[in-house]
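K.L.:
Sharing a structure, written as structure tokens. Questions coming.
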């Protein structure tokens, strides 16, 4: 056990290292640790909040989905109704058009029949006169017999 | 390497390993069985025990100082580097280790020291890591570095101890530095009068001045011993543990020259003792740190005033 100047040297070295540690080592590391602790705490909090937000968003999405489905169902129903209506209307129109065309055709037929009858009547009168001329083989007074033939033709 | 031919005897070997490289003021005279002659009083390196004794107080253990300051520098550089790299981001393995040590010490200080003093935690860190590093030198095989020193210096009797904590100067210096800081903080906290009261009106106190006058010297004597016992026990506990450990390593090392079987046994013993010592060196560093924290906490505690005023 030789106690000597080493004692003083070591004391000075010790104080120096403690002061160095106090100034340059301890504060930055402790500060970094505290900052990390805060960061982690913040991160955990944010994660929790995000989870809550996600839950909320999920709810919202499902709500919106349900609404959209309902709306689309409504729309389809409306469309179906409308389609039926259109088909109905078209049918109605077609029937009306057919009726109209039928009536027009019938009118034309009647007109043409009348015209043909008129013509036929005229031709029959002429034919009857010609026939009568031939049968009688005589000259007939056109004026006296014409009235007769016209009466005959009117009776046809 | 002991007790062989013209090599050193076992006793010489052990003694050589327990002697520090001493540089000091040697009075003129002839020393070491006439092999070393000092013509005029002056500073020189000691060559034998006799010279070291002649130097007395005016000498310094160069090896202790070199290793202690060297390891201290390694400690501050390592931790300073870590401090400059420390961020709130993800730490790498080295930074993680440093942070683990810091957190461990921070927790220990928080548990033991409830006052505010920015010096206590860094001091605890310095004590723990520095003493651990110094103790760690104990695990190096006892002959490696001293033999290297002999090779480098060219002097076959070159003294070189590599474990600073086996030098009582080193451990007592730390103990007494803690002691003076303790007194300093105590006076800062309680005032000089408060501190004086603490060491003179404890543990015996009557409240009547004519009785107290006789109790003050007794109190002062008892309290002084209590106070002084702290640094001495701090220093000697660390020194004793490490010195004993080192001695056993040296004793085991002497077995290597005593034949193959004993040499192998010595190897096994050295390994076992080293494993055990990993625990001892860590524990001693921790004990020194915890006791320092406890003493500092005591220095900061203000006693209830009514004990002194009534």
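We did not get these values from a lab; they are worked out from the coordinates using the rules stated. Computed from a predicted model, the values in this text were never measured in an experiment. Ideal geometry is used to build each Cβ from the backbone, glycine not excepted, and the neighbour counts take in all protein chains shown.
K.L.:
With 5 Å bins from zero, work out the P(r) of the range B:68-146 over every alpha carbon pair and list the percent per bin.
P.N.:
Histogramming the range B:68-146 at 5 Å steps yields 3, 13, 20, 21, 19, 13, 7, 3, 2, 0 percent.
K.L.:
Give me the three principal axis extents of the range B:214-310 from the C-alpha atoms, as integers in angstrom, largest value leading.
P.N.:
Result, largest extent first: 76, 25, 11 Å.
K.L.:
Also, quick follow-up: Rounded to the nearest 10 degrees, what's the angle between the helix B:93-112 long axis and the longest principal axis of chain B, both from Cα atoms, 0 to 90?
P.N.:
40
K.L.:
Dividing the alpha-carbon Rg of the protein assembly as shown by 2.2 N^0.38 Å yields what?
P.N.:
2.60
K.L.:
Over all directions, how big on average is the projection of the convex hull of the alpha-carbon atoms in the range B:112-179, in square nanometres?
P.N.:
Its average projected convex-hull area is 6.1 nm².
K.L.:
Please compute the Kirkwood hydrodynamic radius over the range B:62-308, one decimal place, Å, based on all pairs of different Cα atoms.
P.N.:
Evaluated over the range B:62-308, this radius sits at 20.9 Å.
K.L.:
With axes computed from alpha carbons, what is the tilt in degrees of helix A:142-155 against the longest principal axis of chain A, rounded to the nearest 10 within 0 to 90?
P.N.:
40
K.L.:
What distance in nm separates the two pseudo spin-label positions at residue A:86 and residue A:69, each 7 Å out from Cα along the beta-carbon direction?
P.N.:
2.8
K.L.:
Kindly state, as a whole number, the per residue volume in cubic angstrom of the convex hull around the alpha carbon atoms of the range B:52-97.
P.N.:
Roughly 81 Å³ of hull volume per residue.
K.L.:
Multiplying the sequence separation of residue B:188 and residue B:39 by 0.36 nm and subtracting their Cα-Cα distance, what value in nm do you get?
P.N.:
The span from residue B:188 to residue B:39 would gain 48.6 nm if fully extended.
K.L.:
Which percent of the Cα-Cα distances in the range A:3-117 go past 19 Å?
P.N.:
Above the 19 Å cut-off, the range A:3-117 has 80 percent of its Cα pairs.
K.L.:
If you take the C-alpha gyration tensor of the range B:66-210, multiply each eigenvalue by 5 and take the square root, what semi-axes do you get, largest first, in whole Å?
P.N.:
38, 26, 11
K.L.:
Ranked by Cβ crowding within 10 angstrom, fewest neighbours first, how are B:167, A:150, B:143, B:63 ordered?
P.N.:
A:150, B:143, B:63, B:167
K.L.:
Quick one: helix B:120-136 against the long Cα principal axis of chain B, what's the angle to the nearest 10°, folded into 0 to 90?
P.N.:
That helix lies at roughly 20 degrees to the long axis.
K.L.:
Here is a further query. How high is the relative contact order of chain B, in percent, with contacts defined as C-alpha pairs under 8 Å that are six or more residues apart?
P.N.:
Worked out over chain B, it gives 22 percent.
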